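The values are calculated or read from the model by the stated rules, or taken from the named source; none is laboratory data. This one's a predicted model, so the numbers in the text were calculated from it and none came from an experiment. Note: ideal-geometry Cβ built from the backbone for every residue, glycine included; neighbour counts use all protein chains shown. Ligands, DNA and RNA are stripped out before the accessible areas are found, and what is left, the full protein with its side chains, is counted by its heavy atoms. Shrake-Rupley method; radii C 1.70, N 1.55, O 1.52, S 1.80 Å.
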Amino acid sequence: MKCLVTGGNVKVLGKAVHSLSRIGDELYLEPLEDGLSLRTVNSSRSAYACFLFAPLFFQQYQAAAPGQEALRCKILMKSFLAVFRSLATVEKSVERCCISLNGRSSRLVVQLHCRYGVRKTHNLSFQDCESLQAVFDPALCSHVLRAPARVLGEAVLPFPPALAEVTLGIGCGRRVILRSYQEEEADSTVKAMVTEMSIGEEDFQQLQAQEGVAITFCLKEFRGLLSFAESANLSLSVHFDAPGRPAIFAVKDSLLDGHFVLATLSESDLHSPALCSPELRRLAPPLQAHGTPPPDDFANDDIDSYMIAMETTVDSEASRAVPSIALSPGLRPFCSPDPYSEDNEAEPSTEPGTPPPKKFRSLFFGSILAPAHSPPGPSPVLAEDSEGEG
Amino acid sequence: MPLLTPQIQDENDYSLVASLDNVRNLSTILKAIHFREHATCFATKNGIKVTVENAKCVQANAFIQAGIFQEFIVQEESVTFRINLTVLLDCLSIFGSSPMPGTLTALRMCYQGYGYPLMLFLEEGGVVTVCKINTQEPEETLDFDFCSTNVINKIILQSEGLREAFSELDMTSEVLQITMSPDKPYFRLSTFGNAGSSHLDYPKDSDLMESFNCNQTQVNRYKIALLKPSTKALVLSCKVSIRTDNRGFLSLQYMIRNEDGQICFVEYYCCPDEEVSESES
């Protein structure tokens, strides 16, 4: 693989890496015929992000040497991020960036041609890997809202940096509400303040959701994509469904698209005041009304009943063509198992890292997509791990 | 005993007296070598040299020439003492390290001699602070015997070109490898970290390159942890001279322009980490 990025696009690429770095510790880099894909998933697998840079984004793009198969690789996010660490410097001094992946040297070579003829060459070690692919389809989400990133960016600005989750919903008058999410058990000092931002419908380019719907998701990852979208001056669309189902945040222009898939809390709004009026609560029945009871293994976790399905496949093209949402275990029959899917992404369960402190613990696994491998109900392996690590 | 000496004394009683209208002209330079707690100060009629060393491998010298001071008197041929540099810097910035614009802190520094404390009188807006810092037995400093006649390769760069490189050094690499050569790659900084290696190449005709005098290809490695502190001097400087001698010893000289436009120099010496056999061509 060899590609050449020039001018302002180097910063766009750097900015994308920065926003991916908010999610995962590893970066999956995959040259495809329709562009270069950068993907990551967080350690608890509750968030997945991918960017696809179209061949036209590059001055030169070659997915694979002629007659050879395209390589894909996995590198440490940290080391790739180091290449673009200071975006200000990248913008100021980098004129060209050449990325090449060479199987023989086993190095991902990133070369930055800077001002004054200075040349930085990073030879990054990588691991071969399977393709990382989340299975999701924005078209299957019943609710959509789309606004310039700036609108949403300004709306999340007042939230304290330490705030973990935010609730996004539609309030009365079809105003879009963003509110800091409080855990019930949160200590009183944190609980003392709720921040709520309300944005009028007119600021949205698309608002396809009825009053009363709401989802709660992690703010950190959302901010990551927002800052990318803001710097690229793009619109951000949010596709979501019932609470607990993954929400899909997407940006797109002619040269690139980006998708962040974030887990949502399965009870979006039980503990906080209603978004609008008591009637709205009626319109949006609390979760128990439509949620499946959480599986026993995860009885302590209030959001573990739904999962983002994600899998790794040997054949990336095949997986990219399978847009399906893996539903909650209770609704498993809807899953369309990918024939190629394997449970080969074993790291999450073997990783020594501490378990994520938040409740977005559960998420997708190849195993739930491959019923042949998985027992009915949530994978017992997962349960053991989260208990063992906890 | 020395702490109780009366404050008002004849100037002749002091072996060193120095006054400065703007204390930052001193404190900034000292910060550039502040990577260890203690420093040795040598004063002669030409000025003060402050030396900091680490691991018997690296030495930093800050030169504050007599002309920087408004008053500079040394009674003896040379005055030497060791002092806690952290404390000295704390005292020098006792009125705050980033003063309000338009206000200057003035300094008068007196040293009575061996065994006496270093006295600092700092004045800002009519407020005077007196600091007495105990001095210590001077220690022998390293002699790197870095002689300009033995210099093989010498490069003068605009500091701007190195600043980013040093601030982004891959600290997982144990060494920084410096290649200087009359041929490609001319001047190269390399690190070998956990994530892989990286090289930074400066062509000899770059606009950053003020002068390029390389006679022989040299590849030397220096402990990155020892060189990293020189970033402090680098960020303050406008130009840096990089020299290596026939033993592979490295000299980095930083030209620092102070707030009054005067030039001071800070110098780092570092010995190479190991012999790289293929370096001798």
Legend entry - In nm, spacing of pseudo-spin labels at B:ASP207 and A:GLU91 (7 Å Cα→C-beta vector): 2.0
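Report the Rg/Rh value for chain B, based on alpha-carbon coordinates and the Kirkwood definition of Rh. It would help to have the intermediate numbers written out before the result.
Numbers: Rg = 20.6 Å, Rh = 20.2 Å.
In chain B, Rg relative to Rh is 1.02.
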Legend entry - At 1.002 mPa s and 20 °C, Stokes diffusion of segment A:1-159 via Kirkwood alpha-carbon radius, µm² per second: 127
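Based on the Kirkwood radius over alpha-carbon pairs, what value in µm²/s does the Stokes-Einstein equation return for the translational diffusion coefficient of segment B:151-270 at 10 °C and 1.306 mPa s? Each step should come with its number before you reach the end.
Working: Rh = 14.5 Å.
For the chosen part, D equals 110 µm²/s.
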Legend entry - For segment B:61-207, fraction of C-alpha pairs farther apart than 21 Å, in %: 66
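Which of the pairs B:LYS132/B:LYS154; A:LYS74/B:LYS31; A:LYS78/B:LYS232; B:LYS132/B:LYS239; A:LYS220/B:LYS239; A:LYS120/B:LYS31 have their Cα atoms more than 31 Å apart in this structure? Please list the in-between numbers first.
Details: B:LYS132/B:LYS154 42 Å; A:LYS74/B:LYS31 42 Å; A:LYS78/B:LYS232 25 Å; B:LYS132/B:LYS239 35 Å; A:LYS220/B:LYS239 41 Å; A:LYS120/B:LYS31 29 Å.
Check vs 31 Å cut-off fails for B:LYS132/B:LYS154; A:LYS74/B:LYS31; B:LYS132/B:LYS239; A:LYS220/B:LYS239.
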Inset, instruction - Over the alpha-carbon set of segment A:97-206, work out the extent along each principal axis and list the three values in angstrom, largest first. - result: 59, 38, 36
Inset, instruction - For A:ARG115 and A:GLU154, compute 0.36 nm times the residue count separating them, minus their Cα-Cα distance, and round to one decimal in nm. - result: 10.6 nm
Inset, instruction - For segment B:71-124, just list the percent of Cα-Cα distances falling in each 5 Å bin from zero outward, please. - result: 4, 15, 25, 23, 17, 10, 6, 1
Legend entry - Sites excluded, GluC sites (Glu not before Pro) in DSSP loops with at most 15 other C-beta within 10 Å, longest stretch of chain B: B:175-258
Inset, instruction - Determine the principal axes of the Cα atoms in segment B:62-101, then give the extent along each, sorted from largest to smallest and rounded to whole angstroms. - result: 37, 24, 17
Legend entry - Heavy-atom accessible surface that B and A bury in contact, both chains counted, 1.4 Å, Å² to 100: 1400
Legend entry - At 1.002 mPa s and 20 °C, Stokes diffusion of segment B:16-136 via Kirkwood alpha-carbon radius, µm² per second: 148
Inset, instruction - Count charges around B:PHE63 for me, please; just the other residues with Cβ under 10 Å from its Cβ, Lys/Arg as +1, Asp/Glu as -1. - result: 0
Inset, instruction - Apply 1/(1 + (r/R0)^6) to the Cβ-Cβ distance of B:GLN216 and A:ASP137, taking R0 = 45 Å, and write down the FRET efficiency to the nearest 0.05. - result: 0.10
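Grab the Cα-Cα distance for A:ASP253 and A:GLN205, subtract it from 0.36 nm times how many residues apart they are, and report the gain in nm with one decimal. Let's see the in-between values first.
Details: separation 48, 0.36 × 48 = 17.28 nm, distance 1.52 nm.
That pair, A:ASP253 and A:GLN205, stretches by 15.8 nm at full extension.
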Legend entry - Computed P(r) (all Cα pairs; segment A:131-262; 5 Å bins; percent): 2, 10, 21, 24, 22, 12, 6, 2, 1, 0
